[in-house]
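The values are calculated or read from the model by the stated rules, or taken from the named source; none is laboratory data. Everything numeric here is computed off the predicted structure, so don't read it as measured data. Note that each Cβ is placed from the backbone with ideal geometry, even for glycine, and that neighbours are counted across all protein chains shown. Remember, those area values only see protein heavy atoms, side chains included, never the ligands or the DNA or RNA. Shrake-Rupley method; radii C 1.70, N 1.55, O 1.52, S 1.80 Å.
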Amino acid sequence: MRLDELKHQGLLRLDPEGGLIHFAGRPALVVDAIAMGLHRKYLVENFGNTAARAILTQFGFAQGWLLAAAMREEFEWDEDEDDRLTGYRILCQEGRFRAQSGSEDPLGEKGAVLLSSYEAEQHLLHLGRSDSSGCWTLSGLISGYFSNMTGKEIFVLEDRCMCRGDSACHMEGRSREEWGDERASDFAFFKNRLLKESLDVSLAHIVEALQHAEATLESHRKVLELFVPEEVEPLGIIAKSPAMKNVVALARRTAAVDVTVLISGESGVGKERIARLIHDESPRVNGPFIAINCGAISESLVESELFGHKRGSFTGAESDRVGLFEAANHGTILLDEIGELSPAMQIKLLRVLQEREVRRVGENRSRPFDVRVLAATNRSLAEDIEDGSFRQDLYYRLCVVELKVPPLRERNEDILPLARVLLASAALRMSRDVKLFSSAVADQLHRYHWPGNVRELENAMERAMALAQGDRVELEDLAEEPRVAPRRPLTNGAKILPLNEAEREYIQSVLKLNDGNRIKTAEQLEIGSSTLYRKLKSYG
């Protein structure tokens, strides 16, 4: 059959009643190109590039081999160039690629130039630009076809690809002997051994991740067994106070929508835990979560850390490096202490957030990314905008939704539950059996204003666990600041309470602390049970 005789009408046979399709004598299916692109995306995300490339290359090789075998049965062949290229043209008519006129023979001197490739288009759509060629299935298809046709082991490989930003894909086919060692690393993708090894590595990583998650959950379970489960939100977040309940509820609502969130609050209040909650309850939960402290990296290295760099772009850049935005692809990145960025870096970050592309230091091409951005700060960015140290346009780009995490001193109901969880975590790490606080310790924990917030409370619980001699924490086990903290006046907002109202609130809080046990409450208050009963009755 000659090339100019190839027409879709002659190759395509439909059976409307039976629903069967035959193309070039082979049973065929109509498969959505985007679905094939998603299939590639899932292979890459779950098994890595190496395994995905090996799977698709070998899948394509089998298809190409079977195409040649089917065409031998369907048509009468002559030993000329037209017959050799017939199956190649059929692949083109199936919509897989479009070859440049005059450059259609992969085995020819100049190879084949593909002006379009469904595989490259789908790779760019779902995975973005690549550092290497991406027409893996096509390479396997054409290799399998010509290997069957010629009776030799033919490898058709790419040296230019639209996945890398080239204007067209270029494929060249040679026998194993003709290639020599020039592309030896590419030959492995046609062999089952590489596929098995890469899958083994991918499965090992999956097993390792599952084991780590299982160990973490088991550790959390042991901690939570010591307390009422309702006290603890996901990731150990304590939300008994109305203020913290509002923050958690808003974080959960925000998690479902892929918007940028600014998390503000004093140092140590748990901004990163809120960010993890947003990530874990979002559609990106299976992607990476990467947090970076913008204030802990020197100015000269921030751009390289965030965006990556090319080898030789500056002193010490000994190899190419992927930036954190690329590493967090399909996941979430937390830019902590965002207010510490310099004005020059703020401009670059703003451009990245607007364009959704990063350019590595030393490179002249941009790379798209798919990342949800969260930012956190302990500063007042509104004040920084007024004094000119923070860009207003970047603030509006980051602050689509703002979550203000209240300090611990404004979350009085959370202090004891949180202290119990932190104490239990310390007990688990130190292998100690200390579970309780004395009443004096509980009282002092409420009195202290905790300027370091949850981080300071965690340190205090570790110290108490290390020093406790019995099965509970005593007053002398606390650090000096919380141990000698004077009683804070009871207030209702900014108003100081009258003495009778302060007494009522204090008695009711002690009763609540003792889960309604009036006898124990009276003993702690050093009053008679009848006196306590009369006071409670008068309170209604």
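Quick notes on this one:
- Being polar (S, T, N, Q) and assigned to a loop (DSSP other than H, G, I, E, B) is a property that does not hold for SER304.
This table checks each residue for (1) in contact with a Lys or Arg (Cβ under 8 Å, 6 or more places away or on another chain); (2) modelled with pLDDT of 90 or more.
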| residue | (1), (2) |
| --- | --- |
| ILE263 | yes, yes |
| GLY268 | yes, yes |
| LYS271 | no, yes |
| GLY295 | no, no |
| SER298 | no, no |
| GLU305 | no, no |
| GLU318 | yes, no |
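- Taken together, the residues in the range 495-512 that are part of a helix (DSSP H, G or I) and open to solvent by 70 Å² or more (accessible area, probe 1.4 Å) amount to 8.
- Of all residues in the range 91-113, those being in contact with a strand residue (DSSP E or B) (Cβ under 8 Å, 6 or more places away or on another chain) and closer than 13 Å to PHE146 by Cα number 4.
- First in the range 397-414 and more than 13 Å from HIS449 (Cα to Cα) and among the hydrophobic types (A, V, I, L, M, F, W, C), second anywhere and assigned to a helix (DSSP H, G or I) and open to solvent by 40 Å² or more (accessible area, probe 1.4 Å), Cβ under 8 Å, 6 or more apart: VAL401/LEU250; LEU403/LEU250
- The sole residue among LEU341, LEU374, LEU353 that is in contact with a helix residue (DSSP H, G or I) (Cβ under 8 Å, 6 or more places away or on another chain) and without any contact (Cβ under 8 Å) to a residue 60 or more places away in the chain is LEU341.
- Residue match in the range 464-481 (condition: within 26 Å of LYS245 (Cα to Cα), at pLDDT 85 or above and either open to solvent by less than 10 Å² (accessible area, probe 1.4 Å) or outside any strand (DSSP E or B) (or both)): no
- Looking at LEU394, LEU403, just one residue is assigned to a strand (DSSP E or B), touching a helix residue (DSSP H, G or I) at 6+ places or on another chain (Cβ under 7 Å) and open to solvent by less than 10 Å² (accessible area, probe 1.4 Å), and that residue is LEU403.
- Subset of the range 254-289 that is among the basic types (Lys, Arg) and closer than 29 Å to ALA419 by Cβ - its residue that is nearest to the chain's Cα centre (by Cα): ARG276
- Those residues of the range 159-171 which are assigned to a strand (DSSP E or B) and open to solvent by less than 40 Å² (accessible area, probe 1.4 Å), in sequence order: CYS169, HIS170, MET171
- Of all residues in the range 436-455, those that are assigned to a helix (DSSP H, G or I) and touching a helix residue (DSSP H, G or I) at 6+ places or on another chain (Cβ under 8 Å) total 10.
- Taking the criterion of being open to solvent by 70 Å² or more (accessible area, probe 1.4 Å) and part of a loop (DSSP other than H, G, I, E, B), the only residue of the range 320-333 that qualifies is ASP320.
- The lone exception for ILE527 - which of (1) in a helix (DSSP H, G or I); (2) modelled with pLDDT of 85 or more it fails: (1)
- Pairs with Cβ under 7 Å, 6+ apart, first in the range 107-121 and within 15 Å of CYS92 (Cβ to Cβ), second open to solvent by 40 Å² or more (accessible area, probe 1.4 Å) and part of a loop (DSSP other than H, G, I, E, B): ALA112/GLU104; VAL113/GLN100; LEU115/GLN100; TYR118/GLY95; TYR118/ARG96
- The one condition from (1) in contact with a helix residue (DSSP H, G or I) (Cβ under 6 Å, 6 or more places away or on another chain); (2) open to solvent by less than 60 Å² (accessible area, probe 1.4 Å); (3) at pLDDT 85 or above that MET149 does not meet is (3).
- Residue among SER431, SER438, SER389, SER425 that is small (Gly, Ala, Ser) and without any contact (Cβ under 8 Å) to a residue 24 or more places away in the chain: SER431
- Look at (1) in a loop (DSSP other than H, G, I, E, B); (2) open to solvent by less than 40 Å² (accessible area, probe 1.4 Å); (3) not aromatic (Phe, Trp, Tyr) and you find that ASP433 fails only one, number (2).
- Within the range 140-167, being in contact (Cβ under 8 Å) with a residue 40 or more places away in the chain, of a type in the set (Gly, Ala, Ser) and closer than 21 Å to ARG72 by Cα holds for GLY140, SER143, GLY144, SER147.
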